[in-house]
Amino acid sequence: SCLTHSASAVRRQALLRLAALMPSDLSAHVPKVIDRLSDPDAGTRMAAVEALSLLDEKTQQAHIAAITQLLERPSAHVRYAALKALDASLALVQLDTVVRSLGDPAASVRTAALAIIKKVPASKVEQHAPTIVAHLQDSLLDVRRGALDALSTLDASALAAHACAPVVEILRTPGCDRETRKAAFAVLQRLDSADLQGQLTTETVSGWLVHP
């Protein structure tokens, strides 16, 4: 089979050909495509993600469990590919499964999980706000920004309850870079002015104006 050929270029091309099929024809090959999420070649893994994203909802539902199981694999590359595949089946994914990936040791996996969470309706995300807020202190900048982006979808009351002080603290952090400040400010803009009182000091605002 071309999907298991020793050359990664051949495997990628086979996946591209499958992706060109009608979804009903592609569905017969899904187990083999899922296997390519564990491929040693990054391009092949992403080609598998693309092919899986083209499936109809019924077929996606039938294979969600198999993709989710890949989140337990020892390879961070495989866990990342599995999350990207789940991202394409967002309406069918259990949010708890994605939130658990925030504890992954690989920053790429944590960032991918946050990108999915950002797309989930705010009403479902609020219960996980404390977990997301905790990642504002992540050791990796991309994860911290991802957490800010995920928080920016919550409504004002949820942000006031969980995120106001931690986000303001980011603005006060020496050396906070421009993009992170912009992401933090985007979150704060969703809050009512009364919720910011006592948190966003004149000093903090001045710092933002000096370093927009």
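No lab work stands behind these numbers, since they all come straight from the coordinates. Predicted model only: the values in this text are computed from it and were never measured. Heads up, the Cβs are rebuilt from the backbone with ideal geometry, glycines too, and the neighbour counts pull from every protein chain shown.
Model label points for A134 and A66, set 7 angstrom from Cα along the Cα-to-Cβ axis, are 3.3 nm apart. Mind checking the angle between helix 141-151 and the chain's longest principal axis? C-alpha axes, 0 to 90 degrees, to the nearest 10. Roughly 80 degrees, rounded to the nearest 10. Between D142 and A122, the FRET efficiency estimated from the beta carbon spacing at R0 = 25 angstrom works out to 0.65. Using only Cα atoms, tell me the angle between helix 178-188 and the longest principal axis of the chain; keep it within 0 to 90° and round to the nearest 10. With rounding to tens, the tilt is 80 degrees. A Gaussian network model of the chain, with springs between Cα atoms under 10 Å, assigns the largest mean-square fluctuation among A62, A183, A158 to A62. Each Cα pair under 8 Å and six or more residues apart adds its sequence gap; the mean of these over the residue count of the chain is a relative contact order of 12 percent. Relative to the longest principal axis of the Cα atoms of the chain, the long axis of helix 107-119 lies at roughly 80 degrees.
Remark: spin-label model distance S157-A28 equals 5.3 nm, labels positioned 7 Å along the Cα→Cβ axis. Computed over the alpha carbons of segment 1-153, Rg followed by Dmax gives 15.9, 47 Å. Excluding same-chain neighbours fewer than eight residues apart, the lysines reachable from K118 by a Cα-Cα span under 21 Å are K84, K182. Working from the Cα coordinates of segment 2-68, the gyration tensor eigenvalues give, after taking √(5λ), semi-axes of 19, 13, 9 Å in decreasing order.
Note on the chain: helix-only mean residue ellipticity at 222 nm, from DSSP H runs of 4+ residues weighted -39500 (n - 2.57) and normalised by residue number, equals -18000 deg cm²/dmol. Taking only the C-alpha atoms of segment 44-95, Rg followed by Dmax gives 10.2, 29 Å. Ignoring solvent entirely, what values of log10 I(q)/I(0) come out of the Debye formula for segment 68-130 at 0.29 Å⁻¹ when each Cα is a single scatterer? Debye curve over Cα of segment 68-130, log10 I(q)/I(0) at q = 0.29 Å⁻¹: -1.38.
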